[in-house]
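Have a look at the structure below before the remarks.
The values are calculated or read from the model by the stated rules, or taken from the named source; none is laboratory data. Because the structure is a prediction, the values reported are computed rather than measured. Reconstructed Cβ throughout: ideal geometry from the backbone, glycine too, with neighbour counts over all protein chains shown. Only protein heavy atoms, including side chains, enter the accessible area calculation; ligands, DNA and RNA are left aside. Shrake-Rupley method; radii C 1.70, N 1.55, O 1.52, S 1.80 Å.
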Amino acid sequence: MSLAAERNESALTAQARSEAAEARVARARAFFLPRLNVGATYTRRAYEVVRVVDGVPLVSQTQNALSGSATATVPLFDARGFPLLQAANRDREATKLEAVEARRQVSFQAANAFLSTLGLQQVVQAAERRLAFVRQSLEEAKARAQAGLASTNDVTRAQLDLATAEAELADAVGQAETSRLELGYLLVAPVEGPLAPPETLLGEASRPVESFALLAEDALERRPDLLSSKLRVEQQQALAREPLARLFPTLSASGQYSIANETNFADKNWNGSLSVTLGWSLFDGGERYAERRERLALVRVQELDVAARTRRVDVSVDRANVALRTAQAQLNRSQVAVEAARQNAEETSILYRQGIASSLALSDAQVRQFEAEVALARARYALGSALLELRSAVGLDPLGKEP
């Protein structure tokens, strides 16, 4: 799960979106800060211009003219900046929670893929055991046929069972390898060697379903996706207030200072100014009101989405409880079935050697044992997946901790 959260592109993309939202807050904050611009100009003229003032010649235009200026603008009041900054802050908070949710979901995908690979790994082991049993049965059938204790039909049936067992083993190996490749894709790293069963998870999943009841109490306050949706509503509400802020006038101040290597009519080579600007858009054709209606409609869309997500939480928790209870019952039945199937296979094998049971009964017993072992492997890891589903529904991570 750590590898998936650190390397998977989905988690990294969500983190990059969070960084982008942080930058948007800085951009919204810049709306209130002053701006300073500087510039310089070089002009080459064909000749210089000299004028005489009180009998003193002064160069009013040089052949090589240099000038520089600096302009500072300070917004004194603009009501639009406040809702835009609030919207940017809510966007940042929501995006952070979405990054948490993305990492959480990637962790669940990795955990489920791990359990699935484990289950298929045990199916391969069951197929290998069945193949070993069938090979042993084939040798026994050949020996009995040579001794005249059984017909050659028993050998033919054993050979057919061997071919079937080999085909099922090949299919199980292929599925296990495919699942391992998918797990490696999620982890962005190759998965090699045997996988160890998460005994802690499987042991906790065997607890009574009633012991997990407390997990659902704070699910609404814990789910990152739901909290993010609520922040998106607040973000949209702030954006809906921005068009009304355009009804207020704007006030700004600006100052400029310039210097050159030429003198002006005041016999100075510098100049400066300070100005205050008041702007008021009295009528914009109804654009601001139209934008407000649009954004209020989007607020309603967001609110409905939050309401649907909130209702879905209870349904998801109840479904996870049902799945967990069902998985526990299936595991118990599968364990009983495996014990019975193994005992039946052993007894049938003994009876076959004694000539009491037929080869058909022996083949059927081996198939039933294989099917029971496969069902047990799937039921065991289905139980782990059911607990993961419950933890996902209540807003925890796969380890049962708050993200």
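Listed by position, the helices (runs of 4 or more DSSP H) inside segment 172-264 whose residues that are farther than 27 Å from Val322 by Cβ and modelled with pLDDT of 95 or more number at least 1 are 224-245. Screening Ala150 on (1) of a type in the set (A, V, I, L, M); (2) in contact (Cβ under 8 Å) with a residue 60 or more places away in the chain; (3) under 30 Å from Arg104 (Cβ atoms) shows it passes everything except condition (3). Sort out which residues of segment 265-305 are open to solvent by less than 70 Å² (accessible area, probe 1.4 Å), in a helix (DSSP H, G or I) and not charged (D, E, K, R), and write them in order of number. Ala290, Ala297, Val299, Gln302 - these are the residues of segment 265-305 that are open to solvent by less than 70 Å² (accessible area, probe 1.4 Å), in a helix (DSSP H, G or I) and not charged (D, E, K, R). Answer yes or no: is there a residue in segment 341-355 that is within 30 Å of Phe212 (Cα to Cα) and hydrophobic (A, V, I, L, M, F, W, C). Within segment 341-355 (the criterion being within 30 Å of Phe212 (Cα to Cα) and hydrophobic (A, V, I, L, M, F, W, C)), the answer is no, since none of the residues qualifies. Before we move on, is Leu12 open to solvent by 60 Å² or more (accessible area, probe 1.4 Å), within 16 Å of Ala102 (Cα to Cα) and touching a Leu at 6+ places or on another chain (Cβ under 8 Å)? When the stated conditions are applied, Leu12 does not pass them.
When Ala323, Ala357 are screened for being aliphatic (A, V, I, L, M) and under 30 Å from Gly148 (Cβ atoms), only Ala357 passes.
Set side by side, the residues Val367, Val338, Val317, Val374 differ, and just one is part of a helix (DSSP H, G or I) and within 27 Å of the chain's Cα centre (by Cα), which is Val317. Scanning segment 26-65 for residues that are more than 48 Å from the chain's Cα centre (by Cα), closer than 30 Å to Ala253 by Cβ and surrounded by 14 or more Cβ atoms within 10 Å (Cβ to Cβ) yields one hit, Ala65. Residue count for segment 47-89 satisfying the condition of being touching a helix residue (DSSP H, G or I) at 6+ places or on another chain (Cβ under 7 Å) and assigned to a strand (DSSP E or B): 1. Taken across segment 110-132, residues that are in a helix (DSSP H, G or I), open to solvent by less than 60 Å² (accessible area, probe 1.4 Å) and under 30 Å from Ala20 (Cα atoms) do occur, with at least one present.
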